[in-house]
1. Please report, largest first and rounded to whole Å, the three semi-axes of the ellipsoid equivalent to the range 157-230, where each semi-axis is the square root of five times an eigenvalue of the C-alpha gyration tensor.
2. Determine the share of the range 8-79's accessible area contributed by carbon and sulfur atoms, expressed in whole percent, with a 1.4 angstrom probe.
3. Going by amide H atoms built from the backbone, whose H comes under 5 Å of the H on V82, apart from near neighbours?
4. Of K52/K307; K167/K295; K52/K101; K97/K295; K52/K97; K58/K81, which ones are farther than 18 Å apart at the Cα?
5. Please compute the length gained on full extension between I262 and F153, using 0.36 nm multiplied by the number of residues separating them and subtracting their Cα-Cα distance.
6. Taking K and R as +1 and D and E as -1, what net charge do the other residues with C-beta under 11 Å from the C-beta of G171 add up to?
7. Would you mind telling me the share, in percent, of accessible area of the range 170-241 contributed by carbon and sulfur at probe 1.4 angstrom?
8. Which of rounded, prolate or oblate describes the range 147-280 when judged by the alpha-carbon gyration tensor and an a/c cut-off of 1.5?
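The values are calculated or read from the model by the stated rules, or taken from the named source; none is laboratory data. What you see is a predicted model, and the numbers here were worked out from it, not measured in a lab. Don't worry about glycine lacking a Cβ; one is built from the backbone with ideal geometry, like all the others, and counts go over all protein chains shown. Accessible surface is based on the protein model in full, side chains and every heavy atom, while ligands, DNA and RNA are left aside. Shrake-Rupley method; radii C 1.70, N 1.55, O 1.52, S 1.80 Å.
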Amino acid sequence: LQVGWRNHKAYLPLHSILAFISGILVVERPELAPGIFTMSIGWIMLALLERKLKRPSKLGRPPSYVEMIQAYISEEIPSRKVESHENEEEDREFVQKTTKKRSEMQAYVLKLYEEKMQEWADTAELMGEGMDVEDLTTRNTNKISVLPMRSYFYPYQVWFGQLCRQKRFVGFVLNWDHYFLAFWITTASLVIGFIFLFIPWAFVLRWTGRLFVWIILGPWMKFVDIYYMKKLESLSDKEKKMRERDRVQRAQTAFETQKQQIKIKKENACKLAAMKKHVFGRFIVSTPHLLKLDKYLDEPLYHSSAKPLSHDDRMSSRIAGKPKLILPGQRLIGTMVPENVNTHFEVPNSHDVMAKMMERKLV
């Protein structure tokens, strides 16, 4: 926080002060910990937004938190006029410094990774294939080691792919690239944390612990052993096998139902894709949406400009008396279930066919 006094400027360590006060409150009054912890999420998001707002380019930085609150209250987005090539040199220098700092950090992490991999390779070369010295006297060294490929690595590849997408999504939220989602997370954490400050957590935790102890940990749990555990132990081997068979059958039924739902979902997706190709064309492109996970984000060029809309431009087509043009989208709904033309055709039973053939022979 910048503070000015008699032509002198100084920076007040506001975040350190808030962290110090929060730590004192948590230590002295532990019942305030849930509220302070929840509000700290919004505090961290606001600190990250403050770093984002330091960018000189107006087109490259989001609106402030106060501007968004004013926009939701007044239902009018604050206008911002941007000239072409405005703050171009300062923004280029800022982006260059940020990119250089990020590249240095990535190079440092990559260097640590290479050092660890080299240590692991040297250890593996010294220890041998199994990296186990104890079984050298009993291990057969003539066996051929077969490295499992897709069947072994594919589940981990899928898991790592999902992890990378989640990491990229969290990074976009923390960097305020998904601005509306980050705004509502910040607002919700501040509001919920403020409400938590007035909840008597000591009373709630004390009585929750009391109820847990008096209900779960009492000597009356012996009745559970008598009426449930002893009943299970008194079952015969045949009854235990029947019980286990019923459990396995229920698990298989649930699994088959899940498989059936996955097949139906996959079939509906294939039908929908085929219908979209039939109606709109054979080329399908994924359009951007709010929660897009692109690696590289689109930013306006330096020769771009922006100006506030005039009063006539802000008026809708209905108010201005202009014909309203509605473009239909490409979202299809409904379940497409193909049916056989001979739906009501009954296939004769084999016993009926044999009976009719016998009747013909007798005749």
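1. That gives 43, 25, 7 Å for the three semi-axes.
2. The value for the range 8-79 is 67 percent carbon and sulfur by accessible area.
3. A306, K307
4. Long pairs (Cα-Cα over 18 Å): K52/K307; K97/K295.
5. 36.9 nm
6. Summing Lys and Arg as +1 and Asp and Glu as -1 gives +3.
7. Working: 4170 of 5480 Å².
Percent of accessible area from carbon and sulfur atoms in the range 170-241: 76.
8. Values: a/c = 2.50, a/b = 1.15, b/c = 2.17.
In terms of gyration-tensor shape, oblate.
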